[in-house]
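> First the structure, then my questions, so here it is.
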Amino acid sequence: MATVRFDAVARLRGELTPSADKSVSHRSAILGAMSSTPVRVRNYLEAEDTISTLNAVRALGARVERAGDGELTIHGVGPAGAREPEQPIDVGNAGTLMRLLPGWLAAQEGRTFTLDGDASIRRRPVDRIAVPLRLMGADIEARDGRLPPFTVRGARLHPIAYDLPVASAQIKSAIALAALAAEGATTIAEPAPSRDHTERMLAAAGVRLHRNGRRLTIESTPELQLEELVVPGDPSSAAFAIAAALIVPNASVTIRGVGTNHTRSGYIHIAQRMGANIEGEIEADPGEAIPEAEPVADLHVETSPLHATTVEPDEVPLAIDELPLVALLGCFADGQTVVRGAQELRVKESDRIATVVDGLLGLGADIEATDDGFAVRGTGGLRGGTIASHSDHRLAMLGAVAGLASRDGVAVDGMEAAAVSYPTFEADLARLL
């Protein structure tokens, strides 16, 4: 386990391009493997989680050609052509892969697939995808009824109308992938909007789908017609540079090529509400239309005086991965910042409510956990100290950013966890120092 120290700095200047979007990369590999004709993927993320996805689709029969610099061509096996592997599919630490892939596998009639992963994955529940897939006709058997390793037995699927218990792009996407093989129309109702990357890709692939309010309807489609997918810069990775530029003195940072999908911009809107000076064009909500492409923009961020805010439950799905950074911003803000309705953080790579609160307490924050979030009272800054990543990539990067803005610096135990989503994080950050 590597310990890396991040000392306080007096300024940040320059520009960077964040790593490619992890969520879009996962989906690109899966949709490419489901296609009957070759799919070119540009700017694919080369990180531990997304390499697990490439290995998974290879195990299912797809052929992946790498041309370097994130350029891939995926030769898929078609919607119904997944091969039954001899060994369990290893998803590593990739929760998105674990929850999306069964949507495709559920439709592979007569074939059986087992999914497993690392110690962290074995603590992450799959019952929320198992319930709707079983309703569609699949047979899913999990350890203790809800945990990996778990087995998917493919079957002839039928369409359903399903109300999601929580707003979750992963559950929605698993059902949507299964719906392609379910003769008829499947309808998914969300309690609040969530990431729409899967819908955009399906629309680009010729799938008939439409949105009516918070109800998404997907019609069965025998073939996917994809030629090229372009992965934007990851807004969740860019969020760390944004946070650093807001709380480090004398900062002026430009972040190039960031995905600005409106379903991923919740953190930016929250930060702006706190007083953040962030300039750049964020996608407007397209309403019931389903765009086929991901919007991209350059963002410019400068040091800003921050004030507290309250993040309500309906905002959480659009900022779920960045909420730990809201806690960090709250340490530097005037007043008390509260996050509510974020209990989903407890089933991420770590219990992110507990680990973020404990980690920031160790750095001098005035913060407390609640059942569904946290409350942090701004003290104008952080003392510094040591923070453990708990093998959670976002907690490792949180510690690094906190170190730059702290009084005494921060040592991050387990900094290598950042490679799960952002292998070049330390190098990119160093360029701004």
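Here, each number is a calculation from the coordinates, and none is a lab measurement. The structure displayed is predicted, hence computed values, not measured ones. In this analysis, Cβ positions are derived from the backbone assuming ideal geometry, glycine residues included, and neighbour counts consider all displayed protein chains.
> For the pair ALA2 and HIS307, how long in nm is the line joining their label points, each one 7 Å along Cα→Cβ?
Calculated label separation equals 4.2 nm.
> How large is ³J(HN,Hα) for each residue in the range 166-181, as worked out from phi by the Karplus curve 6.51 cos²θ - 1.76 cosθ + 1.60 (θ = phi - 60°), to whole Hz, x for Gly and Pro?
Listing the rounded values in order: 9, 6, 8, 5, 5, 5, 4, 5, 4, 5, 4, 5, 5, 4, 4, 9 Hz.
> Then there is this: Hey, what angle do you get for helix 235-247 against the long axis of the chain, alpha-carbon based, 0 to 90 degrees rounded to 10?
With both axes taken from Cα atoms, the answer is about 10 degrees.
> Using only DSSP helix segments of four residues or longer, with each worth -39500 (n - 2.57), what per-residue ellipticity at 222 nm results for the chain after dividing by its residue count and rounding to 500?
Helix contribution divided over all residues of the chain: -8500 deg cm²/dmol.
> Additional query: Scan around HIS210 for amide H atoms under 5 Å from its own, H built in the peptide plane at 1.01 Å from N, and keep only partners 5 or more places away or cross-chain.
Counting only residues 5 or more places away or on other chains, the set is THR217.
> So what is the relative contact order for the chain, in percent, with contacts set as C-alpha pairs under 8 Å and at least six apart?
19 percent
> Suppose every Lys and Arg Cβ carries +1 and every Asp and Glu Cβ carries -1, with no other charges. What dipole size does the chain come out with about its Cα centre, to the nearest 20 debye?
440 debye
> Between the helical axis of 393-405 and the dominant principal axis of the chain, each derived from Cα atoms, what acute angle in degrees is found, rounded to the nearest 10?
20 degrees
> How much length is gained on full extension from GLU65 to ASP334, taking 0.36 nm per residue of separation minus their Cα-Cα distance? Mind showing how you got there, number by number?
Numbers: separation 269, 0.36 × 269 = 96.84 nm, distance 5.14 nm.
Going from the current span to full extension adds 91.7 nm.
> Next question. Rank-order 408-417, 47-56 by packing density, defined as the average count of other C-beta atoms within 10 Å over each peptide's residues, highest first.
Working: 408-417: 20.6, 47-56: 22.6.
Order by mean packing, descending: 47-56, 408-417.
> Report, for the range 22-230, the % of DSSP beta bridges that are antiparallel, rounded to 5.
Details: 26 of 34 bridges.
Once the DSSP bridges in the range 22-230 are tallied, antiparallel ones form about 75 percent.
> Measure out, as a whole number of angstrom, how far apart the alpha-carbon centroids of the range 316-386 and the range 84-117 sit.
Using only Cα atoms, the two centres lie 33 Å from each other.
> Test of understanding: ordering ILE129, ILE268, ILE140 by Cβ neighbours within 10 Å, fewest first, what list do you get?
ILE140, ILE268, ILE129
> Further question: Enumerate the amide H contacts of LEU147 below 5 Å, restricted to partners 5 or more residues apart or on another chain; note that Pro and chain-start residues carry no placed amide H.
Long-range HN contacts for LEU147: VAL126.
> Here's something else I'd like to know. If only Cα atoms are counted, what is the Rg of the range 365-433, and what is its Dmax, in Å?
Rg, Dmax (Cα atoms, Å): 13.0, 39.
> Measuring from label point to label point, each 7 Å out along Cα→Cβ, what is the THR370 to LEU147 span in nm?
Here the answer is 2.9 nm between the modelled labels.
> May I ask for log10 I(q)/I(0) of the chain at q = 0.09, 0.10, 0.11, 0.12 Å⁻¹, from a Debye sum over the Cα atoms as equal point scatterers with solvent left out?
Normalising to I(0) and taking log10 leaves -0.53, -0.66, -0.80, -0.95.
> Can you give the angle from 0 to 90° between the axis of helix 22-34 and the longest principal axis of the chain, with both taken from C-alpha atoms, to the nearest 10?
10 degrees
> About its Cα centre, what dipole magnitude does the range 148-280 give when the only charges are +1 on Lys and Arg Cβ and -1 on Asp and Glu Cβ, stated in debye to the nearest 20? Intermediate values should be presented prior to the final figure.
On the way: 12 positive and 11 negative charges, 61 e Å.
I would put it at about 300 debye.
> Now, a different point. Report, by chain and number, residues whose modeled amide H sits under 5 Å from the one on ALA251, excluding near sequence neighbours (fewer than 5 apart, same chain).
Under 5 Å from the amide H of ALA251 lie the amide H atoms of LEU12, THR303, each far enough along the sequence or on another chain.
> Roughly what percent of Cα-Cα pairs across the range 58-100 reach past 14 Å?
I get 62 percent for the Cα pairs in the range 58-100 exceeding 14 Å.
> If packing is taken as the average count of other Cβ atoms within 10 Å, what order do 219-225, 301-307 fall into, highest mean first?
Final packing ranking: 301-307, 219-225.
> Checking the a/c ratio against 1.5 first, then a/b against b/c, what shape does the Cα gyration tensor give for the range 22-230?
Judged from the Cα gyration tensor, the range 22-230 comes out rounded (a/c under 1.5).
> Of the DSSP beta bridges with both residues in the chain, give the percent that are antiparallel, rounding to the nearest 5.
Numbers: 49 of 70 bridges.
Bridges in the chain are about 70 percent antiparallel.
> If R0 is 30 Å, what FRET efficiency do you get for ARG383 and GLU281 from their C-beta distance, rounded to 0.05?
With R0 = 30 Å, the Cβ-Cβ based efficiency is 0.20.
> Once phi is turned into ³J(HN,Hα) by the Karplus curve 6.51 cos²θ - 1.76 cosθ + 1.60 with θ = phi - 60°, what whole-Hz value does each residue of the range 78-84 show in order, with x for glycine and proline?
Couplings: x, x, 10, x, 5, 7, 7 Hz.
> When you count, for each residue, the other Cβ atoms within 10 Å and take the mean per peptide, how do 8-21, 317-330 rank with the highest first?
Averaged packing, sorted descending, gives the order 317-330, 8-21.
> Taking other Cβ within 10 Å of each residue's Cβ, how do THR3, THR198, THR379, THR96 sort, fewest first?
The fewest-first ordering by Cβ neighbours comes to THR3, THR379, THR96, THR198.
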